[in-house]
Each structure stands twice: as structure tokens, then as C-alpha cells.
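Each remark here refers to the structure printed beneath this line.
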Amino acid sequence: MDKVTIFGAGHVGATTAFYLALSASLEVALVDVEEGKAVGLATDIGQSLPYTGSTSTLRGGTDPSLVEGSDLVIITAGYPRLPSMSRLDLISKNVPVVTSIARAVAAHAPEAVVIIVTNPVDEMTYLTWKAGGFDTSRVIGMAGVLDTSRMLYFLDSLAGIQTRDVTATVLGTHGDDMAPLVDWSRASDRPLSEVLEPAALDDVVQRTRDGGAEIVKYLKTGSAYFAPAVSVGVTALAVLGDTGRVLPVSAYLDGQYGINGIFLGVPARLVRGGIGEIIELTLSKREAEALARSAEGVGKRVSELETVAADESD
């Protein structure tokens, strides 16, 4: 039975644990700094399983060494971005959290594949790699999987294009500079840019970019967690199942798409060891430019992150 450890028992972490426990036969460990929280949620999820036929087992606690023996680790722990916070503020808050977890994983489960959900995703994925000393292929950011799900939702709800008729993807950073591929993506074998009027397509793209913020606006005191949990769960199952499924995740780029030295959302073939192959799509000029802008922004924030991380270690 494969073991998955999830750091962070907030809404995303707990819902991910529930989704995975229902979807496969797994040993799931839930770790959270708040005393009793992970134990209580793991117990609750475990008590839900007898009616489902699932043979998964769950345990929770505060001790990071619960990660020992894990095949896959998911990091959801960290501070959410509040309306008054800049991205650098968020980086500053989450650097010590993610650094501590990465080092615990490196100490107790060095061969695990690590999926990062903590925001800002691309920068925290880079930090996990550096702090843990992992091979780049074993570190994955949950980026475009969620954004693509949102794009598909808006294509259906705003334009009446059903998911079964669409092949679509969103690349780039998980943020305002994401790059929905409107020319490469297809609806019934035609580019989206030919199927939809420009105004309708722009509306889909903007709603995709604002998808998370829109939910925050409605909830007022929280953020999305069902869609993120399913997105990270789908990514995790692709890795554990050695499926070779191609998903848009934040992966380390070493020249692909003309980008070097950062983690960014690109299509990648997922295998048991993590990233099996990065797929280079043929992009239109505007898509390539959007991806380059996205990479430029991430590169700048990674430089800021390294400054913050150096200050933390002093």
C-alpha cells in the first residue's frame, strides 16, 4: 500500500486526504502544527470509509517524522494571501514554513515525490527543491491542473462548450500572469480562437484568471478548496499509478520553451518518479509571448525569494 503524507490539515489538505482515501487504497498521514487538528480530521475521514468500500488507512499528528516511508508528499501548509498582502509579503510568510517541511521530507522520506500546493506555487516549488536538495524530477507544483479545470468550467458555463468536446490547457504561473492557450486549445478540432468571438473568449480567459479571487469574494472569510483538492489529487494519482498522463504542472525548466532555472507551469508526463518528460507544444506567437511574460515574473520573484531565504538563515 502506497503512503501519502499531507502537510497542512486546512480545507485543502483535509479535502485532498478525503479525496485520495476514497479514490485509491492508500496509507494517508495528515500533519499539522495545530495540536489535535490532524488527528481529529484523520479520524473523521477514517470513520467515513466503511460505507465506501475503501481500504485506506489514516492517521494524523503534529510530528513531521510521520512522513517517514512516504512514496508521495503533498505540501498545502502555509499562510493564505490576504487582500492587503503583496506577493513578496506572502513569500516572506511562507518561506520558513515550506523550508522546514522540505527539510523534514529530505530527512525522513528523501525518495518521495513532492507536490507543492502552497502559494505562490511556482516560487514555493523552487524553494522546496532548493531547501530539500531533491532531484528536480521529483518536485512538482500544482499549477495549471486547477487553472485548466476552471477554464473548462467557464467554457461550459459562459460559452456552452461542453468539456467532452474540448482539449484545453493553461500554462505559466498560477496567478495573474497565467497563460491560457487559446490558439492551441481545441473545441471539436477547431482552435478556441476560431470557435468563440473575441469578446467571449476574453471573458473566459479573464474569469479563469480571476477564478480563485471570485470564490474568495463570495466566501469572504475563506478560499477555494474542493477544486484545488481534486486537482492535486488527480496529480498525485497520476504519479502513484505511473500513468504517464500529461498534465500542466509546475516543473523545472532547463531550456524547454527557451526558459531556464525556474519552475513554471508546462505540460509534463507524470510517472512514478515524478516528471517523466516535459512536452513542448507548438505555440502561437501570442501564446509564446504570454508564457515568456509569465516566466519573467516568476524569475523576478524567485530572486526575491532567495533574498528572503538568505535573511531567514542569518
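What is the residue count in region 40-62 for residues that are polar (S, T, N, Q) and under 15 Å from Ala24 (Cα atoms)?
Qualifying residue count for the region: 6.
Identify all residues within region 169-227 that are modelled with pLDDT of 90 or more, surrounded by fewer than 16 Cβ atoms within 10 Å (Cβ to Cβ) and closer than 21 Å to Tyr79 by Cβ; write none if there are none.
Phe226
What is the residue count in region 62-81 for residues that are modelled with pLDDT of 95 or more and buried (at least 18 other Cβ atoms within 10 Å of the Cβ)?
11
Looking at region 191-261, what helices (runs of 4 or more DSSP H) fall wholly within it and have at least 3 residues that are in contact with a Gly (Cβ under 7 Å, 6 or more places away or on another chain)?
Of the helices (runs of 4 or more DSSP H) lying wholly inside region 191-261, none has at least 3 residues that are in contact with a Gly (Cβ under 7 Å, 6 or more places away or on another chain).
Taking Arg286 and the conditions (1) in a loop (DSSP other than H, G, I, E, B); (2) over 30 Å from Val4 (Cα atoms); (3) not small (Gly, Ala, Ser), which numbered condition does it fall short on, given that it satisfies the others?
Among (1) in a loop (DSSP other than H, G, I, E, B); (2) over 30 Å from Val4 (Cα atoms); (3) not small (Gly, Ala, Ser), the lone unmet condition for Arg286 is (1).
Search region 23-74 for residues being of a type in the set (Ser, Thr, Tyr) and part of a helix (DSSP H, G or I), and hand back the single one that is farthest from Thr5 (Cα to Cα).
Ser48
List the pairs whose first member sits in region 1-15 and is touching a residue at least 40 places away in the same chain (Cβ under 8 Å), whose second member is of a type in the set (Phe, Trp, Tyr) and surrounded by fewer than 20 Cβ atoms within 10 Å (Cβ to Cβ), and whose Cβ atoms are under 7 Å apart, counting only residues at least 6 apart or on separate chains?
Within 7 Å, the pairs are His11/Tyr225; Val12/Tyr225; Thr15/Tyr225; Thr15/Phe226.
With the checklist (1) small (Gly, Ala, Ser); (2) at negative phi; (3) out of contact with any strand residue (DSSP E or B) (no Cβ under 7 Å at 6 or more places or on another chain) in hand, flag the one item Gly276 doesn't pass.
So the condition that Gly276 fails would be (3).
So, in region 145-192, exactly how many residues are of a type in the set (Ser, Thr, Tyr) and out of contact with any Leu (no Cβ under 9 Å at 6 or more places or on another chain)?
5
Kindly state which helices (runs of 4 or more DSSP H) lie completely within region 75-172 and contain at least 1 residues that are touching a Pro at 6+ places or on another chain (Cβ under 7 Å).
87-108, 144-159
Checking Leu152 against (1) touching a His at 6+ places or on another chain (Cβ under 9 Å); (2) outside the structural domain of Val28 (by TED's automatic domain parsing), which single condition isn't satisfied?
Of (1) touching a His at 6+ places or on another chain (Cβ under 9 Å); (2) outside the structural domain of Val28 (by TED's automatic domain parsing), only one is false for Leu152: (1).
Filter region 268-297 down to the residues that are closer than 12 Å to Tyr252 by Cα, of a type outside the set (Gly, Ala, Ser) and buried (at least 21 other Cβ atoms within 10 Å of the Cβ) and list them by number.
Of everything in region 268-297, just one residue is closer than 12 Å to Tyr252 by Cα, of a type outside the set (Gly, Ala, Ser) and buried (at least 21 other Cβ atoms within 10 Å of the Cβ), namely Ile275.
The values are calculated or read from the model by the stated rules, or taken from the named source; none is laboratory data. If you're wondering where the values come from, they're calculated on a predicted model, not measured in any experiment. Positions of Cβ are generated from backbone atoms using ideal geometry, with glycine treated the same way; all protein chains shown enter the neighbour counts.
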